[in-house]
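First comes the structure, then the notes that go with it.
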Amino acid sequence: METNFDIEEKFLQADQLIADNRLAEAAKMLEAILEEVPDFGKAHNHMGWLFETKFKNLQRAEEHYKLALKFSSDYTAAYYNYCYLLSSLRKFDELEALLQRAIAVSGISYATIYNEFGLMREMQGLLDDAIHYFKLHIKNSFDSKTIETAAESIKRCQRKKELLAL
């Protein structure tokens, strides 16, 4: 697949508009990109992120994340963003399938994916599984802060087990 440098440049401009909190301009630029190249997955991801986090339209966000993954199955940001949305919506079956798919993507952060598995299992009340995934997060992390966060997650799950034991 050939790179369209004009579209990539427009995409980077839209990305900068988001960074500058010029959200309406960014959304309009992304819409223009998608009008020109409807299968530009990275633009769908950014539209999904805008709809989820800024415009609070979760249905539209999910539609765009699905299109991002359909058209750019190697774009790791789309996996992370869609995981966060599915987790917040507690759509665990879909999240499980997405996490399984994501772990096979080249360049994906195993630590991040295992953390999401851990959080999902914790929300489901499967605390031993959650601890297992938080340990995998630690094993695959090379950042002291995220390792400490995962260690705290393990402690939190162990405490929940103590408190919830009957």
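Coordinate-derived values only; no laboratory data. Note that the structure is predicted; figures quoted are calculated from it, not measured. In this analysis, Cβ positions are derived from the backbone assuming ideal geometry, glycine residues included, and neighbour counts consider all displayed protein chains.
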- Task: Describe numerically, in nm with one decimal, the distance between label points set 7 Å from Cα along Cα→Cβ at Ser144 and at Asp6.
- Result: 5.0 nm
- Task: May I ask which residue of Gln16, Leu126, Thr3 lies farthest towards the positive end of the charge dipole of the chain, with charges of +1 (Lys, Arg) and -1 (Asp, Glu) on Cβ and the Cα centre as origin?
- Result: Leu126
- Message: Given the options Ile154, Gln100, Ile113, identify the residue whose Cα lies farthest towards the positive end of the charge dipole of the chain (+1 on Cβ of Lys, Arg; -1 on Cβ of Asp, Glu).
- Response: Ile154
- Charge dipole (debye, nearest 20) of the chain; +1 at Cβ of Lys and Arg, -1 at Cβ of Asp and Glu: 900 debye
- Note on the structure: Relative contact order as a percentage, the chain, C-alpha pairs under 8 Å and 6+ apart, gives 12 percent
- Across segment 1-77, qualifying lysine pairs (alpha carbons under 19 Å, at least 8 places apart or different chains) come out at 10
- Message: Restricting to DSSP H runs of at least four residues, report the calculated mean residue ellipticity at 222 nm for the chain, -39500 (n - 2.57) per run over all residues, nearest 500 deg cm²/dmol.
- Response: -24000 deg cm²/dmol
- Message: Once R0 is set to 22 Å, what does the formula 1/(1 + (r/R0)^6) return for the Cβ-Cβ distance between Asp128 and Ala151, expressed as a FRET efficiency to the nearest 0.05?
- Response: 0.85
- Provide the per-residue ³J(HN,Hα) series for segment 151-159, in order, calculated from phi with Karplus coefficients 6.51, -1.76, 1.60 and θ = phi - 60°, each as a whole number of Hz, with x at glycine and proline positions. 4, 5, 5, 4, 4, 4, 5, 4, 5
- Note on the structure: With Cα coordinates, the longest principal axis of the chain makes an angle with the long axis of helix 76-89, in degrees rounded to 10, of 60 degrees
- Item | Point-charge dipole on Cβ atoms (K/R +1, D/E -1) for segment 1-77, about Cα centre, debye to 20 | 420 debye
- Task: Could you work out how far helix 5-19 tilts from the main Cα principal axis of the chain, as a 0 to 90 degree angle to the nearest 10?
- Result: 60 degrees
- Message: To test your reading of the geometry: what angle, between 0 and 90 degrees and rounded to tens, separates the Cα axis of helix 92-102 from the longest principal axis of the chain?
- Response: 70 degrees
